[in-house]
Amino acid sequence: MPRSARSSPLGDDRGSATAETAIVLPVVVVMVVVVLLTGVGLGTQLRLESAARGAARELARGEDTAAAVAVAQQIGGEGTEVTTSVAGPWVRVEVHRTLEAPAGPLLGARWTLSAEAEARREPQLLPGGAP
């Protein structure tokens with residue numbers, strides 16, 4: 001029986017595409033999940049940095065701590081923890097948020113992201129500052 005031009009020299013190659021797909025598909029799925037989680041993490045990190053800057057700006061303008069924390073939580077999203085401190089003319093804000101993998105093979109995985117910002121208080125707010 002003559003061999004067809006499409007068959008491999010080792011014999012029958014039917015089903016090889018299915019086998020190759022079965023091997024490659026899980027790798028592709030894991031890569032997609034990793035890319036999506038990385039995107040969510042980067043987006044959250046940017047929001048946290050913006051939240052820290054916003055809260056530091058509020059404190060530097062003379063707003064009370066509760067208002068600054070509310071701004072940081074609004075920008076940073078649900079679950080954002082805020083810490084503020086004042087050292088001389090400087091205010092410092094640190095924000096933290098924990099992300100959890102929703103489902104799938106990474107169920108239970110957690111990442112804690114954080115950001116911080118400092119700002120100099122307005123001169124009129126400092127002791128002996130200009131009015």
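The values are calculated or read from the model by the stated rules, or taken from the named source; none is laboratory data. None of the values given here were measured: they were computed from a predicted structure. Cβ placement follows ideal geometry from the backbone for every residue including glycine, while neighbour counts extend to all protein chains displayed.
Take the residues in the range 64-90 that are surrounded by 18 or more Cβ atoms within 10 Å (Cβ to Cβ) and of a type outside the set (S, T, N, Q), then tell me which one is nearest to A119 (Cα to Cα). Among residues in the range 64-90 that are surrounded by 18 or more Cβ atoms within 10 Å (Cβ to Cβ) and of a type outside the set (S, T, N, Q), the one nearest to A119 (Cα to Cα) is A68.
Say whether the condition of being more than 13 Å from the chain's Cα centre (by Cα) and basic (K, R) is met by at least one residue in the range 40-49. No: zero hits.
Only one of the listed residues (V40, V29) is over 13 Å from A115 (Cα atoms) and either free of Cβ contacts under 8 Å to residues at least 24 places away in the same chain or in contact with a helix residue (DSSP H, G or I) (Cβ under 6 Å, 6 or more places away or on another chain) (or both). That residue is V29.
Yes or no, residue by residue, for (1) among the hydroxyl-bearing types (S, T, Y); (2) modelled with pLDDT under 90:
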{"site": "S4", "(1), (2)": "yes, yes"}
{"site": "T18", "(1), (2)": "yes, yes"}
{"site": "V32", "(1), (2)": "no, yes"}
{"site": "L42", "(1), (2)": "no, no"}
{"site": "E58", "(1), (2)": "no, no"}
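Against the criterion of being surrounded by 15 or more Cβ atoms within 10 Å (Cβ to Cβ), part of a strand (DSSP E or B), of a type outside the set (A, V, I, L, M) and out of contact with any Ser or Thr (no Cβ under 7 Å at 6 or more places or on another chain), S50 does not qualify. Among the residues of the range 68-89, those that are hydrophobic (A, V, I, L, M, F, W, C) and either at pLDDT 95 or above or over 21 Å from L125 (Cα atoms) (or both) comprise A68, V69, A70, V71, A72, I75, V82.
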